1. Out of all the residues in segment 284-315, which are more than 27 Å from LEU80 (Cα to Cα), of a type outside the set (Phe, Trp, Tyr) and not in a helix (DSSP H, G or I)?
2. Of the residues ALA132, ALA123, only one is surrounded by 22 or more Cβ atoms within 10 Å (Cβ to Cβ), part of a helix (DSSP H, G or I) and touching a residue at least 12 places away in the same chain (Cβ under 8 Å); which?
3. What number goes with the only condition from (1) under 21 Å from the mean Cα position of the chain (by Cα); (2) among the aliphatic types (A, V, I, L, M); (3) under 13 Å from GLU89 (Cα atoms) that VAL139 does not pass?
4. Which pairs have Cβ atoms under 7 Å, sit 6 or more apart or on different chains, and link a residue in segment 162-182 that is acidic (Asp, Glu) to one that is not in a helix (DSSP H, G or I)?
5. When you check ASN27 against the structure, is it farther than 20 Å from GLU89 by Cα and either free of Cβ contacts under 8 Å to residues at least 24 places away in the same chain or over 18 Å from the mean Cα position of the chain (by Cα) (or both), yes or no?
6. Can you pull out the residues in segment 1-52 that are surrounded by fewer than 19 Cβ atoms within 10 Å (Cβ to Cβ) and acidic (Asp, Glu)?
7. Being in contact (Cβ under 8 Å) with a residue 60 or more places away in the chain and outside any helix (DSSP H, G or I) is the filter here, so list the residues in segment 232-283 that pass it.
Amino acid sequence: MPLATLRQVLDEAAKGGYGVGAFNVNNMEQLQGIVSGAQEVQAPVIVQASRGAIAYAGPQYLRNLVLAAVESAPEIPIVLHLDHGDKPETCLMAIELGFTSVMMDGSLLADGKTPSDYDYNVAVTREVAEAAHAQGVSVEGELGTLGGIEDGHGSGQVHLTDPDQAVDFVEQTGVDALAVAIGTSHGAYKFTQKPTGEVLAMHLIEEIHQKLPDTHMVMHGSSSVPQSLVDRINAAGGKLEATFGVPVEEIQQGIRHGVRKVNVDTDGRLAITAALRETLNASPKEFDPRAFFRPAREAMKQVVIERLTQFGAAGHAGDYEVLPLEEMAKRYAGERVGV
Ligand SMILES: [Zn+2]
């Protein structure tokens, strides 16, 4: 089966009333953990790479690793998505490389730090959507800004999404999915205390869903930062500070109101770090890297199994045939001429 598009996977998720986890990948073990986790629970999965990940692994490695994943797990719909594209050129480069979905984050200027104005966001996002859709590739946009900084990306300021502006944005840009800012942040240090529905402005999700029932919402910065992982890292010599993530119940509430893509990066990082620290400490005479990477890969897999199950995606991998890009391109062309 070919790589799936975000549009198809999220359309199916909307039909089934579940959310799909989007997990960040930088290397082979992370990817293997993600895909074997999805296989274990037979769920579709979104693999996403940031610009930093592409730079770290190298574009050719990243692309071929994901193609290897598709080959080894042909029964699982797998999307290859660009996380936080900073400018149209980056998105076009990713499409060229074989990504089936790109995020054009026009909420920030191309420096990835300065909040942009609305007209700029509409212009760059529309430009990417037109080019991507012509090739059948899906597009995620962002309206409002998230807190925190991830891979050097982020303004550090929170600016919540305005529901009426969201309607106009989707209409003007034609995006398939919309990242909404509801008070979540990137990174491990999201909240200093357990966030409630009010802290998270969950009402915005409900409002946007009412106004845009056919637009798939994306929650960024949605790691739950389990205390058990933070404790294990610190018990094994780490020095993480006390922190709280987004409770899974809040994400599940979002899914009930139109959230279909849930970005989880930090939880996988924490699980890998915990496994590495523990095995390195437990086996001081060991020097075969596989002894350390194998449990790290398994830890990533467990995070993926848990989240895909909690988001309701488990068991849905076989619900549909993955459509090739040409088929998706035809659909977009049909949409444009009103067929
Ligand atoms: Zn993000």
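The values are calculated or read from the model by the stated rules, or taken from the named source; none is laboratory data. Just so it is clear, the structure is predicted and the values come from calculations on it, not from any experiment. Note that each Cβ is placed from the backbone with ideal geometry, even for glycine, and that neighbours are counted across all protein chains shown.
1. Across segment 284-315, the qualifying residues are PRO284, LYS285, GLU286, ASP288.
2. The match here is ALA132.
3. (3)
4. Hits for this filter: ASP176/SER138; ASP176/VAL139; ASP176/GLU140; ASP176/HIS216.
5. Numbers: farther than 20 Å from GLU89 by Cα: yes; either free of Cβ contacts under 8 Å to residues at least 24 places away in the same chain or over 18 Å from the mean Cα position of the chain (by Cα) (or both): no.
No; evaluated as a whole, the condition is false for this residue.
6. Within segment 1-52, ASP11, GLU40 qualify.
7. If the condition is that a residue be in contact (Cβ under 8 Å) with a residue 60 or more places away in the chain and outside any helix (DSSP H, G or I), then VAL246, GLY258, VAL259, ARG260, LYS261, VAL262, ASN263, VAL264, ASP265 are the ones that fit.
Per-residue answers, yes or no, for (1) farther than 15 Å from LEU143 by Cα; (2) within 15 Å of the ligand (Cβ to nearest atom); (3) within 19 Å of the chain's Cα centre (by Cα):
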residue: THR184; (1), (2), (3): no, yes, yes
residue: PHE191; (1), (2), (3): yes, no, no
residue: PRO195; (1), (2), (3): yes, no, no
residue: SER222; (1), (2), (3): yes, yes, yes
